[in-house]
Amino acid sequence: MQDIKKTSSVMTDTPKSHRRSRGLNWGDPFFKSATFLFAMLVLTILSGIVIVLFIDAWPALKQFGPAFIWTSSWNPVKDSYGAFVPLVGTIETAVIAMVIGVPFSFGMAFFLTEMCPHWLRQPIAIAIELLAAVPSIIYGIWGLFVLVPICQKYVEPFLIATLGSVPILGHLFQGPPIGIGVFLAGIILALMILPFITSVMREVFAAVPAVLRESAYGLGATRWEVVWRVVLPYSRVGVVGAVMLGLGRALGETMAVTFVIGNAHRLSMSLLAPGTTISATLANEFTEADGELYTASLIALGLVLFILTFAVLAIGKRMLLRTSGKGGLA
Amino acid sequence: MSVPATKLNTMNRAHVRRRLRFDSAMTVLSLLMTAAVLVTLGAILVTLLYNGLQAIKPSLFLESTPAPGSEGGLANAIFGSLVMTAISVAIATPVGVMAGTFLAEYARQSKLAEFVRFINDVLLSAPSIIIGLFVYGVVVLGMGHFSAWAGIAALAIIAVPIIVRTTEDMLSLIPDSLREAGAALGTPRWKVITYISYRAAFQGILTGILLAIARVSGETAPLLFTALNNQFWSTNLNAPMANLPVVIFQFAMSPYEDWRSLAWGGALLITTAVLALNIVARLSSKGKRS
């Protein structure tokens, strides 16, 4: 890398006579600054997003102050808004998605790296990546028309009958089984983030040196023990990074959630009740919002979501960078 | 496993058996999990085909979105999606390729490159609805009305980081010896990049662009309050424009049976297009890497 920089500086320092006769030299500074400007455009977009959201949300921020975060009323008639209900919904659905999605991703990464016969690895990996490519609106429409009836008829009555009577935990599974709600939104999110987490986990698992694995097998460890006690501890940071990336996606996902969550501005102990998330609230109400404060409050919600996902993604990236640093080229 | 069983006392044997049993339980569990996910993927595709194919008929491509209860198709939405996707990717491609070039060819491991890379990754996974809000604040409020241009801007902002990322990845796969060979012949840096690096990485960069098209064509959230929707055929980029994702959203959420059927038809179209683009992209990049 260093060498090419040196060669290039030698290269541009051709004798003056050459420069003039060939007329070559305007190209380099021009091309370099053009690429530089476009790279800066990426930075401009991101800072632009922060600035514009902040300015547009200002009326709401000024009116409600930090209390906006923990105020639970959302009342367009009285012009009083708070982010608490959608914020809780966002975190709730994301947590459900992680609780279901992470073990599944780990199981699939385990299967793909440790047991899957070679000829089958590629097809399954491609299938998983295709699952990642399916647009979120397809998950939404599928969830609404296929998963909601199934949940309503079988899954939720079962949950209410079994877990509903457990002390403390039971509060989460009470109420009528209507299908639509926070629980189903979490399941769909789990399905959507699965492929992302699985493929990153697969990469970090594959990056574990073979010597480590072989020594563990040589000591008589079972396959599970190799993964759980050797591979996982070694790639711990990368796995957490993968989970954080998945969490970042789950927090910001809009369409799939909007279809199935029921869009109710209401706090409920039960996971089976309809709720809302920040992104679902935006998708549903933004074009219908009249009045400066209403719109500003919605944009302030967006700002909260952006800060939340930014923090989660930044932490996730940091952790993945640390692991890739170990293995050289990413 | 291959340890002679006679040498083990009973306690050890029980311990080994427990370990082996746990191992097989976990093996079976992970197999079941993988199977469950693959079955779900299959189920999504099957329901999509089953419901979507019923809506596929000539009128779907020839007529505009109907009022509930009357006959119609998705022609205006298909047209709108094609136009907005095409223009947004056409804008995003030069931006993304140039920025990726800066990272891979000039800045490389510098602090600035690390920073731009990080910001690009954040932008790559930022919630797309936030990008919609941003474009609403800048373009829609700026112009005073919803328009296809606003939708195009939002989609382009989503496409840029994808193209930056793949361009950079692909350019950094090119061995430096190729660049040095070019430089040794006295070729200026920009010619080395455009004539040697770009050519060597061409297929990879193209893959990135295809993936960007695939991603952009299914995006719904950023279009909700930028391009909005239009019930009629419109070619005016200064006015709201129909597009498949938003039409699917509105029709699927409606109580009308014929609207829902059209939504399934649109969903099948989008999924087919997106999956086909992904498969083509994967095939072309696979041939390159090996």
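Taken together, the values in this text are just the output of simple stated rules run on the coordinates, not laboratory data. Note that the structure is a prediction, hence the values are computed from the model and not measured. Positions of Cβ are generated from backbone atoms using ideal geometry, with glycine treated the same way; all protein chains shown enter the neighbour counts.
Sorting A:Phe38, B:Phe225, B:Phe232, B:Phe22 by the number of Cβ atoms found within 10 Å of their own Cβ, with the fewest placed first, yields B:Phe232, B:Phe22, A:Phe38, B:Phe225.
Residues A:Trp74, A:Trp228, A:Trp142, A:Trp58, ranked from the fewest to the most other C-beta atoms within 10 Å, line up as A:Trp58, A:Trp228, A:Trp74, A:Trp142. Applying a length cut-off of 27 Å (Cα extent along the axis) and a mean Kyte-Doolittle floor of -1.0 to the DSSP H helices of chain B leaves B:10-55, B:75-101, B:148-173, B:198-217, B:257-289.
This ranking places A:Tyr154, A:Tyr139, A:Tyr234 by how few other beta-carbon atoms lie within 10 Å of each, fewest first, which gives A:Tyr154, A:Tyr234, A:Tyr139.
Excluding A:Ala127 itself, calculate the net charge of residues whose Cβ lies under 14 Å from the Cβ of A:Ala127, where each Lys or Arg counts +1 and each Asp or Glu counts -1. Intermediate results must be reported in sequence, preceding the final value.
Working: positive: A:Arg121, A:Arg202, B:Arg282; negative: A:Glu129.
Local net charge: +2.
Over the protein assembly as shown, the pair-distance histogram of Cα-Cα distances with 10 Å bins from zero comes to 3, 15, 24, 25, 18, 10, 4, 1, 0, 0 percent, rounded to whole numbers. Taking 0.36 nm per residue of separation and subtracting the Cα-Cα distance, full extension of the segment from B:Ala67 to B:Thr10 would add 12.8 nm. Separation of the stretch B:136-185 and the stretch B:210-254 by C-alpha centroid, Å? Here the answer is 21 Å between Cα centres.
Between the C-alpha center of the stretch B:9-63 and that of the stretch B:82-128 there is a gap of 35 Å. Considering only A:Gly248, A:Phe259, A:Leu272, and ranking their Cα positions along the charge dipole of chain A that arises from unit charges at the beta-carbon of Lys, Arg, Asp and Glu, the one farthest toward the positive end is A:Gly248.
Grab the alpha carbons of the stretch B:1-149, take their convex hull, and tell me the volume per residue in Å³. If you can, show how the numbers build up before the last one.
Values: hull volume 45.6 nm³, N = 149.
Spelled out: Cα convex hull of the stretch B:1-149, divided by residues, is 306 Å³.
Look at the stretch A:284-297: the mean tally of other chain Cβ atoms within 10 Å of its residues' Cβ atoms is 1.
Based on the alpha-carbon gyration tensor of the stretch A:123-210 and its eigenvalue square roots a ≥ b ≥ c, which shape applies: rounded if a/c is under 1.5, prolate if not and a/b is larger than b/c, or oblate? Walk me through the numbers on the way to the answer.
On the way: a/c = 3.51, a/b = 1.72, b/c = 2.04.
Because a/c hits 1.5 or more and a/b fails to exceed b/c, the stretch A:123-210 counts as oblate.
Please report the relative contact order for the stretch B:139-258, taking Cα pairs under 8 Å with a sequence separation of at least 6, and give it as a percent rounded to a whole number.
Details: 116 pairs, mean separation 45.8, N = 120.
Relative contact order, the stretch B:139-258: 38 percent.
The base-10 log of I(q)/I(0) for the stretch B:61-121, evaluated at q = 0.13, 0.24, 0.28 Å⁻¹, reads -0.56, -0.93, -1.04 [Debye formula, identical scatterers on Cα atoms, solvent excluded]. When its C-alpha radius of gyration is set against 2.2 N^0.38 Å (N residues), chain A gives a value of 1.28. Hey, for a label at B:Ala86 modelled as a point 7 Å past Cα toward Cβ, could you say which residues of the stretch B:134-163 have their backbone N under 18 Å away? The answer is B:148-153, B:155-156, whose backbone nitrogens lie closer than 18 Å to the label point.
Please compute the net charge surrounding A:Thr277, taking Lys and Arg as +1 and Asp and Glu as -1 over other residues with Cβ under 10 Å from its Cβ. Walk me through the numbers before you get to the answer.
Values: positive: none; negative: A:Glu92, A:Glu253.
Here the charged neighbours net out to -2.
What are the membrane-span-like helices in chain A by this rule: whole DSSP H runs, Cα extent along the axis at least 24 Å, mean Kyte-Doolittle hydropathy at least 0.5?
Working: long enough: A:27-64 (54 Å, 1.40); A:84-110 (38 Å, 1.80); A:182-206 (35 Å, 2.08); A:236-252 (25 Å, 1.34); A:292-326 (51 Å, 1.27).
Both cut-offs are met by A:27-64, A:84-110, A:182-206, A:236-252, A:292-326.
Per-residue mean of other chain beta-carbon atoms within 10 angstrom of the beta-carbon, peptide B:257-267? Present the calculation step by step, with values, prior to reporting the outcome.
Working: counts 0, 0, 0, 3, 0, 0, 4, 3, 0, 2, 7.
Mean partner shielding for this stretch: 2.
If R0 is 41 Å, the Cβ-Cβ spacing of A:Glu114 and A:Tyr154 corresponds to a FRET efficiency of close to 0.80. Annotation: extensible slack from B:Ser261 through B:Gln231 equals 9.1 nm (criterion: 0.36 nm per residue apart, minus Cα-Cα distance). Pairs of C-alpha atoms in the stretch B:228-290 farther apart than 19 Å represent 50 percent of all such pairs. In this rough spin-label picture, where each label sits 7 Å from Cα along the Cβ direction, the B:Leu32-B:Val280 distance is 4.2 nm.
Look at the alpha carbon pairs under 8 Å that are at least 6 residues apart: their mean separation over the length of the stretch B:48-133 gives a relative contact order of 13 percent. For chain A, the dipole from Cβ point charges (+1 on Lys and Arg, -1 on Asp and Glu) about the Cα centre works out to 1400 debye, to the nearest 20.
Explain nothing, just the number: relative contact order of chain A, from Cα pairs under 8 Å at least 6 residues apart, as a whole percent. Before the final figure, lay out each step's value.
Working: 418 pairs, mean separation 82.6, N = 330.
Reported as a whole number, the value is 25 percent.
Spatially, the stretch A:28-59 and the stretch A:181-195 are offset by 33 Å when compared through their Cα centroids. The convex hull drawn around the Cα atoms of the stretch B:169-290, when projected onto a plane and averaged over every direction, covers 10.6 nm².
Under Stokes-Einstein, with the Kirkwood radius over Cα pairs as Rh, the value for the stretch A:88-160 at 10 °C and 1.306 mPa s is 107 µm²/s. Pairs exceeding a 23 Å alpha-carbon distance, out of A:Lys317/B:Lys111; A:Lys317/B:Lys191; A:Lys32/B:Lys111: A:Lys317/B:Lys191.
For the stretch B:164-239, what class follows from the C-alpha gyration tensor (a ≥ b ≥ c being the square roots of its eigenvalues): rounded when a/c is under 1.5, otherwise prolate if a/b is larger than b/c, else oblate? Note, shape of the stretch B:164-239 comes out prolate. Only alpha carbons enter this Debye calculation for chain B, each as an equal point scatterer, and the log10 of I(q)/I(0) it gives at q = 0.11, 0.13 Å⁻¹ is -0.79, -0.96. Projected label points at B:Leu173 and A:Glu288, each 7 Å from Cα along the beta carbon direction, are separated by 4.8 nanometres. Label-to-label distance, A:Val95 versus A:Glu214, with points set 7 angstrom from Cα along the beta-carbon direction: 4.6 nm.
Size check on the stretch A:64-194: the Cα extents along the three principal axes, sorted descending, read 63, 38, 28 Å.
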